[in-house]
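Worksheet: one structure, shown below.
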Amino acid sequence: NNGNGQATPPAGLSGVTAIAAGINHSIALKDDGTVVGWGANGLGQTSIPAGLSGVTAIAAGDRFSLALKNDGTVVGWGSNNYGESTPPAGLSGVTAIAAGSYHSLALKVAAP
């Protein structure tokens, strides 16, 4: 299904190191640490936050997107009906992220 253009990457998109797919949107991580989104954007799920850079990983949920930055912090945008795109205050030291339909996960290294 490509009813919202979610399966058609933007023309000229290159340097992609990772991709993630939501219900009707897609995002790509580029080798320069920036993120590109396309497809449905009714809840801002493809509206990449201004100035977002230094991204090392991405995840896409139902109608939201997440980015893991190289400083171990997480940025989210899009739907937030259940808090899925708002990382907990003070969340840091994250090494991996994942997104479900209406929830997000962050993996942290355990303290020794």
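The values are calculated or read from the model by the stated rules, or taken from the named source; none is laboratory data. These numbers were taken from a predicted model, which means no experiment stands behind them. Glycine gets a Cβ as well: all are built from the backbone with ideal geometry, and neighbour counts include every protein chain shown. To get the accessible areas, we keep the full protein, side chains included, count just its heavy atoms, and leave off ligands, DNA and RNA. Shrake-Rupley method; radii C 1.70, N 1.55, O 1.52, S 1.80 Å.
Remark: the residue 2-residue 111 segment gains 34.8 nm on full extension, using 0.36 nm per residue and subtracting the alpha carbon distance. Surface composition of the chain: carbon plus sulfur atoms hold 53% of the accessible area, using a 1.4 angstrom probe and ignoring ligands, DNA and RNA.
Take the chain with all the other protein chains still there, run a 1.4 Å probe, and you get 52 Å² of accessible area per residue. Could you work out the local net charge near residue 78, counting Lys and Arg as +1, Asp and Glu as -1, over the other residues with Cβ closer than 13 Å to its Cβ? Here the count lands on -1. Each of the peptides 54-65, 24-35 was scored by the mean count of other Cβ atoms within 10 Å over its residues; in descending order, highest first, they stand as 54-65, 24-35. Relative to the current alpha-carbon distance between residue 16 and residue 71, full extension at 0.36 nm per residue lengthens the span by 17.7 nm.
Semi-axis lengths, largest first, of the ellipsoid equivalent to region 72-112 are 20, 10, 8 Å, with √(5λ) applied to each eigenvalue of the Cα gyration tensor. Stokes-Einstein diffusion for region 7-100 at 25 °C, viscosity 0.890 mPa s, with a Kirkwood radius from C-alpha pairs, works out to 188 µm²/s.
Treating r as the C-beta distance of residue 92 and residue 32 and R0 as 30 Å, the FRET efficiency rounds to 0.85.
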